[in-house]
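A short write-up of the structure that comes next.
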Amino acid sequence: MVAMLSRCYRFLCSFLFLTVVSFATISLSAQQIIPPKSIFPVASIDPTQTDFRDLQFLKQVLKDRQIVLLGEQSHGDGATFEAKVRLVKCLHQEMGFEIIAFENGLYDLHHAYQQLLTGKQTENPLKEALFPLWADTKAVDNLLTYITETVQSPRPLQAAGFDSQEGTIFQENFLPEVRQVLARNRIVLDDSIFNHIEQVVAGDVDYLATNRQDSTAFFRSAQVLYKALERLEDEGQVGFLRQVLTSWLADVNYTIDQMQKRDSQVQNPRDLQMAKNLIFLSNFYPNKKIIGWGASYHFAKQIDYQNTPLTRQCISEMAKTQKETGPFDLDKELAGAVPMGQTLRQYFSDRLYSLAFASAEGRFGVVGEDAYPLVAPPPGSIEKELADAGHNFAFVEYRNFGKQPFYSSALGNLPVLAPWPMLFDGLFFIKTAYPPAPLETQTVANQALLSDNLQKKTDIRAYATVAVQGRVLNQETKTGIAYATVALVGTSRGVVANSEGFFTIHVPAKGSDWRLSFSAIGFRSDTVFTQKLLKTQGKKTVPLSPKAYTLAEVQVTDKALTAKEIVKRARNRIRDNYYQQPYNQEMFYRVRQQTNDTVIFNEESFVWVYDDTGYQPAANAYKHLYGEILQIRNTTGNADQNKWEGVGSLW
């Protein structure tokens, strides 16, 4: 899922400000911003709190609204995530909203929800369909659980997506589904049509931007495929597949434009297609009310602001803290911006409600990454007025506001002077922000697939450990044995020696029955108690004696075996010919970065992995990989080293 992170996320990251800016020297008007009767206090943002009496005002505020868009100031606002989950549950239970549409792939979410309906999945398929910046948080996981629980209810909450960016579910299932639909309707296309498209579906868009012949062949093939679908009756599945194809091709074009450095204002092509997709969903599910989940920037009804000295000061401070080459130009970043909310407003008119979120204090940061303090709200900002009035949580209705601009941090936590009621219909205020709480992760991704023997092995993470360094030697030549395996007996921990036989492994500091196993091809294995090695003074060496292997006798005959005989013999020798342990590869992993002319190695690790489907070609081979980190070390100040409980980039 790493490659699937949205461009929206990368754009919004430019707004993640890392320092509190002092506004003592800035003189702004402190006049009252909020008109009377426009504030609705909210009791809680706890997603598990299902007493919605404090949210009953929404029934009047959102009366006759078909689409409600729930934004977020950045993708690192955990408090906002929690508030949105509670709002989603309220809108579903109290106000009849039946669809939650995420800023994720149109096909990905649709297919994942259809899989969820089968009830055959061991894990929630919606989790794979969502970007990790949401799926890996406790708040959104709570929402996915809620969606699952409503599946069998009389009025389920259905999950959907409106983004043109698709992920692994699309890559693995879209074309096979299209092939099935065409075959069912007796439409035959040449394999070359699918071959041209499949290469790009798998993620290889680069060659389209550099090779005109390949690009022409791809788009011609895509046109043939679309026309084939167009020949069919516009029933649900076919109409949906046509929209997915149109949406994905728009994203391919946008990607090519970016690679070729063609001018495209902000993310306008993507925003336009996302708006079209959401409009499509409103027609695909007629008479159903939809909740949108995504970034506030995309949901804005327009982009209108003043780039004041105060805003520029915030940007400058951010650049210093982030050690950027220089502050970004807000006017340049947002020049000509047309967010999807602007298109949706034109289509849905008063049936649309766009809600922004903002906070006055606290910290924020994308799940698994560093968290940073919010910029303090300046005088003349709505956040300061709400905080000074003593509100912890409040809903502000913009209906009765005038056109006078005021400061708010609803976009990227950046104080900006704008006529905010022209950008959004309302604001949900959360006084104290905090980053998303991550889901607890397991070292082994799918414990049920491991053998009983491995499940019984000791988890040495419960023990204090100490490093043992040594060298595995050839007993006869006294030279190091390259890549010898060193394993802690009774656990899943082990390492591989380097090319000269040197190794480092962490073992329990206490206990007399811990042993290390040493093995290498062409040598007799041996075990040594860890306490013996720990007590050894000086260099710690482990000699292994060479072992001669006698090959079994081979009979050569001129009689050919039948297929049945081959299968029978293979079945009888499965245990001899096929590896029987749960892990079938031991791999070395290294992160390398290049700065100017210097190469930096950030992380090194050994991992055990296995594939639950066997090793076979796939567009996304990593999807079925499971594994365990045996040993990891950060060799430099890696920015990611604290991510995912110290795993760093290896996550």
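The values are calculated or read from the model by the stated rules, or taken from the named source; none is laboratory data. From a predicted model like this one, the values you see are computed outputs, not experimental measurements. Virtual Cβ from ideal backbone geometry, glycine too; neighbours counted across all protein chains shown. Protein only, heavy atoms only, side chains kept; ligands, DNA and RNA dropped before computing areas. Shrake-Rupley method; radii C 1.70, N 1.55, O 1.52, S 1.80 Å.
Being modelled with pLDDT under 85, hydroxyl-bearing (Ser, Thr, Tyr) and open to solvent by 20 Å² or more (accessible area, probe 1.4 Å) holds for only one residue in 207, 226, and it is 207.
Counting just the residues of the stretch 286-297 that are modelled with pLDDT of 95 or more and open to solvent by 10 Å² or more (accessible area, probe 1.4 Å), which one comes out nearest to residue 91 (Cα to Cα)? Here the residue is 289.
Among the residues making up the stretch 464-522, a single one is over 16 Å from residue 606 (Cα atoms) and touching a His at 6+ places or on another chain (Cβ under 6 Å): 465. When 180, 213 are screened for being open to solvent by 70 Å² or more (accessible area, probe 1.4 Å), free of Cβ contacts under 8 Å to residues at least 12 places away in the same chain and under 20 Å from residue 105 (Cβ atoms), only 180 passes.
Picking from residues in the stretch 234-268 that are within 21 Å of residue 106 (Cα to Cα) and acidic (Asp, Glu), the one that is most open to solvent (accessible area, probe 1.4 Å) is 234. Inspection of the stretch 267-278 finds a residue satisfying the criterion of being modelled with pLDDT under 95 and out of contact with any Asp or Glu (no Cβ under 9 Å at 6 or more places or on another chain). If I ask for residues that are at pLDDT 85 or above, more than 17 Å from residue 254 (Cα to Cα) and either within 29 Å of the chain's Cα centre (by Cα) or open to solvent by less than 60 Å² (accessible area, probe 1.4 Å) (or both), which ones from the stretch 189-204 would you list? Passing the criteria: 189, 192, 193, 194, 195, 196, 198. Against the numbered list (1) surrounded by 11 or more Cβ atoms within 10 Å (Cβ to Cβ); (2) modelled with pLDDT under 75; (3) closer than 23 Å to residue 499 by Cα; (4) charged (D, E, K, R), residue 526 comes up short only at (2). Would you confirm whether any residue within the stretch 149-160 is surrounded by fewer than 24 Cβ atoms within 10 Å (Cβ to Cβ), touching a residue at least 24 places away in the same chain (Cβ under 8 Å) and in contact with a Ser or Thr (Cβ under 6 Å, 6 or more places away or on another chain)? Within the stretch 149-160, one or more residues are surrounded by fewer than 24 Cβ atoms within 10 Å (Cβ to Cβ), touching a residue at least 24 places away in the same chain (Cβ under 8 Å) and in contact with a Ser or Thr (Cβ under 6 Å, 6 or more places away or on another chain). Here the stretch 315-335 is the region considered, the condition is being of a type in the set (Val, Ile, Thr) and in a helix (DSSP H, G or I), and the residue that is modelled with the highest pLDDT is 315. With respect to being of a type in the set (S, T, N, Q), in contact with an Asp or Glu (Cβ under 6 Å, 6 or more places away or on another chain) and at pLDDT below 95, residue 171 falls outside the description.
Assessment of the stretch 106-121 against the conditions (more than 22 Å from residue 246 (Cβ to Cβ) and open to solvent by less than 40 Å² (accessible area, probe 1.4 Å)) yields at least one matching residue.
Beta carbons closer than 7 Å, at least 6 apart along the sequence or on distinct chains, pair a first residue in the stretch 401-419 that is under 12 Å from residue 297 (Cα atoms) and polar (S, T, N, Q) with a second that is part of a strand (DSSP E or B) and modelled with pLDDT of 95 or more for 409/358. Any residue at all in the stretch 148-158 that is of a type outside the set (D, E, K, R) and in contact with a strand residue (DSSP E or B) (Cβ under 7 Å, 6 or more places away or on another chain)? Looking for residues that are of a type outside the set (D, E, K, R) and in contact with a strand residue (DSSP E or B) (Cβ under 7 Å, 6 or more places away or on another chain), one finds at least one in the stretch 148-158, hence yes.
How many of the residues making up the stretch 62-84 are polar (S, T, N, Q) and surrounded by fewer than 24 Cβ atoms within 10 Å (Cβ to Cβ)?
Residues in the stretch 62-84 being polar (S, T, N, Q) and surrounded by fewer than 24 Cβ atoms within 10 Å (Cβ to Cβ): 1 in total.
For the stretch 298-314, state whether one or more residues are part of a helix (DSSP H, G or I), at pLDDT 95 or above and either touching a strand residue (DSSP E or B) at 6+ places or on another chain (Cβ under 9 Å) or farther than 22 Å from residue 169 by Cβ (or both). Yes, that holds for at least one residue.
If the requirement is being closer than 22 Å to residue 69 by Cα, acidic (Asp, Glu) and open to solvent by 50 Å² or more (accessible area, probe 1.4 Å), which of these qualifies: 304, 331, 370? It would help to see each step written out before you state the result.
Working: 331 fails: closer than 22 Å to residue 69 by Cα; 370 fails: closer than 22 Å to residue 69 by Cα.
Of 304, 331, 370, the one residue that is closer than 22 Å to residue 69 by Cα, acidic (Asp, Glu) and open to solvent by 50 Å² or more (accessible area, probe 1.4 Å) is 304.
Yes/no matrix, rows are residues, columns are (1) aromatic (Phe, Trp, Tyr); (2) in contact with a Lys or Arg (Cβ under 7 Å, 6 or more places away or on another chain); (3) without any contact (Cβ under 8 Å) to a residue 60 or more places away in the chain:
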position	(1), (2), (3)
248	yes, no, no
254	yes, yes, no
262	no, no, yes
268	no, no, no
281	no, no, no
291	no, no, no
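Determine if the stretch 238-246 includes at least one residue that is modelled with pLDDT under 95 and among the aromatic types (Phe, Trp, Tyr). Checking the stretch 238-246: not a single residue is modelled with pLDDT under 95 and among the aromatic types (Phe, Trp, Tyr).
Annotation: of all residues in the stretch 3-58 being modelled with pLDDT under 50 and touching a Pro at 6+ places or on another chain (Cβ under 6 Å), the one that is most open to solvent (accessible area, probe 1.4 Å) is 20. Which condition breaks for residue 96 when tested against (1) in contact with an Asp or Glu (Cβ under 8 Å, 6 or more places away or on another chain); (2) at positive phi? (1) is the only condition that residue 96 fails.
A quick yes/no check of all residues on (1) at pLDDT 90 or above; (2) more than 27 Å from residue 521 (Cα to Cα); (3) open to solvent by 70 Å² or more (accessible area, probe 1.4 Å); (4) in a strand (DSSP E or B):
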| site | (1), (2), (3), (4) |
| --- | --- |
| 428 | yes, yes, no, yes |
| 432 | yes, yes, no, yes |
| 435 | yes, yes, no, no |
| 445 | no, yes, no, no |
| 448 | no, yes, yes, no |
| 468 | no, no, no, yes |
| 472 | yes, no, no, yes |
| 477 | yes, no, yes, no |
| 487 | no, no, no, yes |
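Name the pairs: first residue in the stretch 336-356 and in a helix (DSSP H, G or I), second residue hydroxyl-bearing (Ser, Thr, Tyr) and open to solvent by less than 50 Å² (accessible area, probe 1.4 Å), Cβ to Cβ under 7 Å, at least 6 apart or on different chains? Between residues of the stretch 336-356 that are in a helix (DSSP H, G or I) and residues that are hydroxyl-bearing (Ser, Thr, Tyr) and open to solvent by less than 50 Å² (accessible area, probe 1.4 Å), the close pairs are 341/354. Is it true that residue 362 is assigned to a helix (DSSP H, G or I), within 27 Å of the chain's Cα centre (by Cα) and modelled with pLDDT of 90 or more? For residue 362, the condition - assigned to a helix (DSSP H, G or I), within 27 Å of the chain's Cα centre (by Cα) and modelled with pLDDT of 90 or more - is not met. From the list 573, 569, 590, 633, the lone residue that is basic (Lys, Arg) and modelled with pLDDT under 75 is 633. The set of residues in the stretch 219-252 that are within 24 Å of the chain's Cα centre (by Cα) and among the acidic types (Asp, Glu) contains only 251.
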